[in-house]
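See structure below.
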């Protein structure tokens with residue numbers, strides 16, 4: 001019998017629309033010729049929250065469905081792919097997103113803040129399908 005913490009997963013997935021809206025607004029306001037420091041910091045926080053959401057949900061799925069233990073944040077994404085939570089098409093952008101965790105939380109002093117990170121504009125198309133895939137996986141596994 002599996003113990004999947006639906007409440008925690010749902011809480012995390014529920015912020016996807018807010019993150020998607022923030023990504024769209026930051027992308028629309030960003031001006032490459034004169035980047036705004038506040039927008040630069042906002043994009044970092046947005047990306048960090050997206051990484052944490054994906055890895056938190058991934059960890060909850062791994063624990064709940066007794067999948068093999070992850071050895072890194074990137075490994076969480078690989079395990080979810082192997083276990084069929086999402087397919088190859090979703091894997092690459094999620095993997096690229098999760099690779100941002102280390103620079104965002106450990107190398108923040110030296111981060112370049114003069115351009116919009118390409119994943120910001122892609123976030124709605126990454127996170128929304130991720131949430132749908134997670135819900136479909138849970139429904140299928142618990143059926």
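Miscellaneous remarks
- Listed residues 100, 29, 127, most fluctuating in the chain (Gaussian network, C-alpha, under 10 Å): 29
- Label zone at residue 114, where the point sits 7 Å out along the Cα-to-Cβ direction: the stretch 32-62 residues whose backbone N lies under 20 Å: 32-44
- Extension gain, residue 75-residue 3: 0.36 nm per intervening residue step, less the Cα-Cα distance, totals 23.8 nm.
- Added length on full extension, which subtracts the Cα-Cα distance from 0.36 nm per residue, residue 105 to residue 24: 26.9 nm
- Extending 7 Å from Cα along the Cβ direction at residue 136 and again at residue 96 yields two label points whose distance is 2.1 nm.
- Against the chain, whose longest principal axis comes from its Cα atoms, helix 73-82 is set at around 50 degrees.
- Mean ellipticity per residue at 222 nm, deg cm²/dmol - from DSSP H runs of n ≥ 4 across the chain, formula -39500 (n - 2.57): -23000 deg cm²/dmol
- 10 °C / 1.306 mPa s Stokes-Einstein diffusion coefficient of the stretch 1-71, Kirkwood radius on C-alpha pairs, µm²/s: 114 µm²/s
- Here the stretch 80-113 and the stretch 1-56 have alpha carbon centers that stand 13 Å from each other.
- Protection proxy ranking for 133-140, 41-48, 52-59, using the average of other Cβ atoms within 10 Å per residue and placing the highest first: 52-59, 41-48, 133-140.
Read-outs throughout are calculated quantities, based only on the coordinates presented, and are distinct from any laboratory measurement. In this text the structure is predicted, and so the values were computed from the model without any measurement. Virtual Cβ from ideal backbone geometry, glycine too; neighbours counted across all protein chains shown.
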